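Peer 1: Can you read through this structure? Questions will come right after.
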Amino acid sequence: MAKTIIVKQVGSPIRRPADQRATLIGLGLNKMHRMRELEDTPSIRGMLNKISHLVEIVEEKG
């Protein structure tokens, strides 16, 4: 079974650069307090690192 992480959006994309908004949408997080379970891959970790001020990792599974 692959490792997964649960990510929650805690910051608003309002007044953020377009690439940060696009990264949120790419992760499936475009509204406040929305949570997603994502596969823990280097590409996902890179996306989370880019918008670390807008999201928080709630739980790591696996």
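Peer 1: Take residue 15 and decide whether it is surrounded by 11 or more Cβ atoms within 10 Å (Cβ to Cβ) and either touching a strand residue (DSSP E or B) at 6+ places or on another chain (Cβ under 8 Å) or free of Cβ contacts under 8 Å to residues at least 60 places away in the same chain (or both). Even if it seems obvious, please write down each step before you answer.
Peer 2: On the way: surrounded by 11 or more Cβ atoms within 10 Å (Cβ to Cβ): no; either touching a strand residue (DSSP E or B) at 6+ places or on another chain (Cβ under 8 Å) or free of Cβ contacts under 8 Å to residues at least 60 places away in the same chain (or both): yes.
Criteria not met by residue 15.
Peer 1: Select from the range 18-29 the residues that are open to solvent by less than 80 Å² (accessible area, probe 1.4 Å) and either closer than 23 Å to residue 61 by Cα or under 9 Å from the mean Cα position of the chain (by Cα) (or both) and list them in ascending order.
Peer 2: Step one: filter the range 18-29 for residues open to solvent by less than 80 Å² (accessible area, probe 1.4 Å), giving 18-20, 22-24, 26-29.
Listed by number, the residues that qualify are 23, 24, 26, 27, 28, 29.
Peer 1: Return only the number of the condition from (1) at pLDDT below 95; (2) surrounded by fewer than 10 Cβ atoms within 10 Å (Cβ to Cβ); (3) not aromatic (Phe, Trp, Tyr) that residue 42 does not satisfy.
Peer 2: Unmet condition: (1).
Peer 1: Something else about it: Just give me the residues in the range 21-52 being touching a residue at least 24 places away in the same chain (Cβ under 8 Å) and touching a Pro at 6+ places or on another chain (Cβ under 7 Å), in sequence order.
Peer 2: Result: 24, single match.
The values are calculated or read from the model by the stated rules, or taken from the named source; none is laboratory data. This is a predicted model, so every value here is computed, not measured. Ideal geometry is used to build each Cβ from the backbone, glycine not excepted, and the neighbour counts take in all protein chains shown. Just the protein is used for accessible areas: all its heavy atoms, side chains included, with ligands, DNA and RNA removed. Shrake-Rupley method; radii C 1.70, N 1.55, O 1.52, S 1.80 Å.
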